[in-house]
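The values are calculated or read from the model by the stated rules, or taken from the named source; none is laboratory data. Note that the coordinates shown come from a computational prediction; the quantities given were computed from them, not determined experimentally. All Cβ positions, even for glycine, are placed from backbone atoms using ideal geometry, and neighbour counts span all protein chains on display.
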Amino acid sequence: MSTNAMIVAFYTMMRKEVVRIFRIWSQTLLPPVITTSLYFAIFGAFIGSQIQPIEGFSYMQFIMPGLVMMTVITSAYAHVSSAFFSAKFMKSLEELLVSPMPHWLIIAGFVCAGVIRSFLVSVLVIIVALMFTHITIANMFIILAAGVLTAILFSLAGLLNGIFAKGFDGITIIPNFVLTPLTYLGGIFYSIELLPEPFRTLSLGNPILYMVNAFRHGFLGISDVSLWVSFGITGLVTLILLLLTLWSFSKGTGLRS
Amino acid sequence: MQSPAIELTNLRKTYRKSGKGAGETEALKGATLSIPQGEFFALLGPNGAGKTTMIGILTGLVVKTSGEVKVNGVSIDEDLSLAKTYIGVVPQEFNFSLFENVQDIVVDQAGYYGIPRDEAIKRAEVLLKELGIWDKRKDKSMALSGGMKRRLMIARALIHKPAILLLDEPTAGVDVELRRGMWKFLRELNEAGTTIVLTTHYLEEAELLSRHVAIISKGNIVANEPMKELLARHGDKKLEDIFLEMTSDDPTP
């Protein structure tokens, strides 16, 4: 397939996914905005007003990056796992598999769709956050790098879930029983410095902690862990998931007979 | 010398099932077949004979166990991507998104083959008009009748102007009038140079349309010759009788 043909194929996948995101906006864009508005109202305004500032920032300012990151994670994962599994279930995935598109391009198409949705949702959530608090930006590059890398990571995770899922139950188990607990325990609402041992040390085993802290570093300039360790761990997990996805496509596992 | 449109050499496929009911099923047991370019070729066989597996291997949806497959002289082991550009496929089961409209399904498929959107829209118009579903172009695919869904899949398969069209039971569940319309369309397509490989359970359809026939039974090719010669060799027998004779475990009626 020529480079021009690959660009057209990739654009076609992107166009289709973006149209889908806006066509079903009440399922793709609205729910995370409502959920995070509630978080801002309840944890930020009602409860947060009773909490002492953390490292010079109000509680609302402290939790804002984590809440945005939570929407990045859930949107990227949910978008790719549901889009891929629905295509597999309806067999419309065969439209892609019989085409000359190389596997890496199909993967890139799904992953970029997940990144686009999480970007759109996070922009909306930031707009909502502006109604509740003043937003500071310490380093825009770190915000973008952490956001995009995390969205890629969870888009790949959602894609793998879609590949291996045998039914619709299969794409809800991991978000409900793995992703949600890890996200809530990933330092969105608190600094791990406040945790007693062994919970503090145990928290360091949660990869989401590093993504939330890298993102917070971008906004507030503070973090519980080293920025480079955060990017290193996120990058490493992303690379592992990418290799697993490429392997699944090349072997046809969960895709071809 | 022109390469055959499709060339299969000692093609084998074994499905392995793990867990409960684990075991192996040999769907293709060393099939060898050569289909010249421009042929209208019928691939016949009972359910489970290996026809759909063969089509799946040609389109990259099924991974072969062993053997060689060439499409227009291109080995799928060496350049599957190029081999796929020569093929259009109409599968047995509907395999498009139920939530997309008819035109988008066809135009998007063109995009996956690298055809720019403007060009794809023009091609889609021609095909949808020829197949009589242009009026339905803005309808969701789920709203189409069974016959229209079949025609939509034909339009989608032809959008990149493939040299070879694989049809896996394209007229299943289609009424007589519509079926005749599809036969006419396929004949004209073949006369224009497209190689057509047809699998069907309607043997009169195969007899009427195809110049060459192969019969596959339990993963083995048991007949492979021009339709006229097969019929002539069996005297005044109908294709249905010949088919049953070749594929039945118990040849006695």
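Filtered by the rule that a residue be of a type in the set (Val, Ile, Thr), closer than 22 Å to A:Ser99 by Cα and without any contact (Cβ under 8 Å) to a residue 40 or more places away in the chain, the stretch B:102-158 gives B:Ile121, B:Val126. When you scan the stretch B:206-222, do you find a residue that is at pLDDT 85 or above, assigned to a loop (DSSP other than H, G, I, E, B) and more than 18 Å from the chain's Cα centre (by Cα), even just one? Scanning the stretch B:206-222, I find at least one residue that is at pLDDT 85 or above, assigned to a loop (DSSP other than H, G, I, E, B) and more than 18 Å from the chain's Cα centre (by Cα), so the answer is yes. Scanning the stretch B:223-248 for residues that are touching a strand residue (DSSP E or B) at 6+ places or on another chain (Cβ under 7 Å), outside any strand (DSSP E or B) and closer than 16 Å to B:Leu208 by Cα yields a total of 3. The helices (runs of 4 or more DSSP H) found wholly in the stretch A:69-181 and carrying at least 3 residues that are exposed (fewer than 15 other Cβ atoms within 10 Å of the Cβ) occupy A:103-132, A:140-164. State yes or no: is B:Ala223 surrounded by 15 or more Cβ atoms within 10 Å (Cβ to Cβ) and touching a residue at least 40 places away in the same chain (Cβ under 8 Å)? So B:Ala223 fails the test.
The set of residues in the stretch B:61-84 that are at the interface with another protein chain (Cβ under 7 Å from one of its Cβ atoms) and buried (at least 22 other Cβ atoms within 10 Å of the Cβ) comprises B:Leu61, B:Lys84.
Candidates B:Val90, B:Val69, B:Val106: the one that is under 23 Å from B:Lys138 (Cα atoms) and in contact with a strand residue (DSSP E or B) (Cβ under 6 Å, 6 or more places away or on another chain) is B:Val90. When restricted to residues that are within 19 Å of A:Arg256 (Cβ to Cβ) and more than 8 Å from every other protein chain (Cβ to nearest Cβ), the stretch B:89-105 contains 2. Restricting attention to the stretch B:67-97, the residues that are part of a loop (DSSP other than H, G, I, E, B) and in contact (Cβ under 8 Å) with a residue 12 or more places away in the chain total 10. If you go through the stretch B:109-118 and pick out every residue that is within 8 Å of another protein chain (Cβ to nearest Cβ) and over 21 Å from the mean Cα position of the chain (by Cα), you end up with 5. Here B:Ser210 passes the criteria (1) within 14 Å of chain A (Cβ to nearest Cβ); (2) buried (at least 19 other Cβ atoms within 10 Å of the Cβ) except the one numbered (1). Here A:Ala76 does not fit the description of being within 14 Å of chain B (Cβ to nearest Cβ) and either out of contact with any Pro (no Cβ under 9 Å at 6 or more places or on another chain) or without any contact (Cβ under 8 Å) to a residue 40 or more places away in the chain (or both). Can you name the strands (runs of 3 or more DSSP E) wholly within the stretch B:1-60 that have at least 1 residues being of a type in the set (Ser, Thr, Tyr) and free of Cβ contacts under 8 Å to residues at least 40 places away in the same chain? Because the criterion is at least 1 residues that are of a type in the set (Ser, Thr, Tyr) and free of Cβ contacts under 8 Å to residues at least 40 places away in the same chain, the strands (runs of 3 or more DSSP E) in the stretch B:1-60 that meet it are B:6-17, B:23-35. All of (1) modelled with pLDDT under 90; (2) away from every other protein chain (no Cβ under 14 Å); (3) over 22 Å from A:Glu94 (Cα atoms) hold for B:Lys20 with one exception: (2).
Could you tell me whether the stretch B:1-13 includes any residue that is surrounded by 13 or more Cβ atoms within 10 Å (Cβ to Cβ) and small (Gly, Ala, Ser)? Yes: one or more hits.
Within the stretch A:228-251, the set of residues being within 14 Å of another protein chain (Cβ to nearest Cβ) and either in contact with a Pro (Cβ under 6 Å, 6 or more places away or on another chain) or buried (at least 16 other Cβ atoms within 10 Å of the Cβ) (or both) comprises A:Ser248, A:Phe249. Taken as a whole, the stretch B:32-44 holds no residue that is within 14 Å of another protein chain (Cβ to nearest Cβ) and over 13 Å from the mean Cα position of the chain (by Cα).
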